[in-house]
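To keep things clear, I will list the structure first and then write my remarks on it.
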C-alpha cells in the first residue's frame, strides 16, 4: 500500500541502502612501486559490510508489505536502524584499520556512500513517526466505536 507515507519513507530507506552497493565509501591514495594510485573502498569488497548492506536493503523493503501488522512493521524499522548503526560502526572500524596499514595511504576522503546509511536512518525514523501516527489514528477510531 504505497499511498501511506511510511511506505514511501521505507522505500526511500531501502533505496538509500541500495546506494551502499554502488557508491564508494572511502577513496584513498597509496604508493605502489613509486606510483600514486587511487583506490576505492566499497561495501562490496568487505564481506561483513556487504551482508549488513543487504540486510539494510531487505529490512525496510519487507517492512513495506507488513502494513497490516504495525507492531511488526515498527520492529523491523527499529531493527533496520540498529543494522544501519552497526554498518556505520563496522565501516569506521574498517577504514581506521585501512589507515593504520603498514604502507599507510597518503591521503583519503569519505565518499558519497558513507552518507547513505545516515540517510537510511533518517528515512526509517520518519517511517517510525508515520507508523506511530497511523497507530494513534487507529486507536482513536477504536475509541469512537
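Taking every alpha-carbon pair under 8 Å whose residues sit at least 6 apart, the range 5-144 reaches a relative contact order of 39 percent. When you restrict to C-alpha pairs under 8 Å that are six or more residues apart and normalise by the size of the range 52-109, the relative contact order lands at 32 percent. Taking 55, 90, 25 as the candidate residues, the one with maximal mean-square fluctuation in a Gaussian network model of the chain, Cα springs under 10 Å, is 90. Take the Cα of residue 78, go 7 Å toward its beta carbon, and the backbone nitrogen atoms of the range 34-66 under 19 Å from that spot belong to 56, 59-66.
Can you tell me the 0 to 90 degree angle between the C-alpha axis of helix 47-64 and the longest principal axis of the chain, rounded to 10? Helix 47-64 sits roughly 20 degrees off the main axis of the chain. By the count of other C-beta atoms within 10 Å, a proxy for reagent exposure, 132, 4 are ordered fewest to most as 132, 4. Length available on full extension from residue 34 to residue 115: 0.36 nm per residue minus the Cα-Cα distance, which gives 25.9 nm. As a proxy for reagent exposure, 123, 65 were ordered by neighbouring Cβ count within 10 angstrom, fewest first; the result is 65, 123.
Helix 70-99 and the long axis of the chain differ in direction by around 10°, with both axes built from C-alpha atoms. Projected over all directions and averaged, the alpha-carbon convex hull of the range 28-91 occupies 5.0 nm².
Fewest-first ordering of 98, 49 by other beta carbons within 10 Å of each residue's beta carbon gives 98, 49. Would you mind checking the tilt of helix 5-18 against the longest principal axis of the Cα atoms of the chain, expressed as 0 to 90 degrees and rounded to 10? Compared with the principal axis, the helix lies near 20 degrees.
Read the figures in this text as sums done on the coordinates, not as results from a lab. In this text, all values refer to a predicted model and were calculated from it rather than measured experimentally. Please note: Cβ atoms are built from the backbone with ideal geometry, for glycine as well, and neighbour counts cover all protein chains shown.
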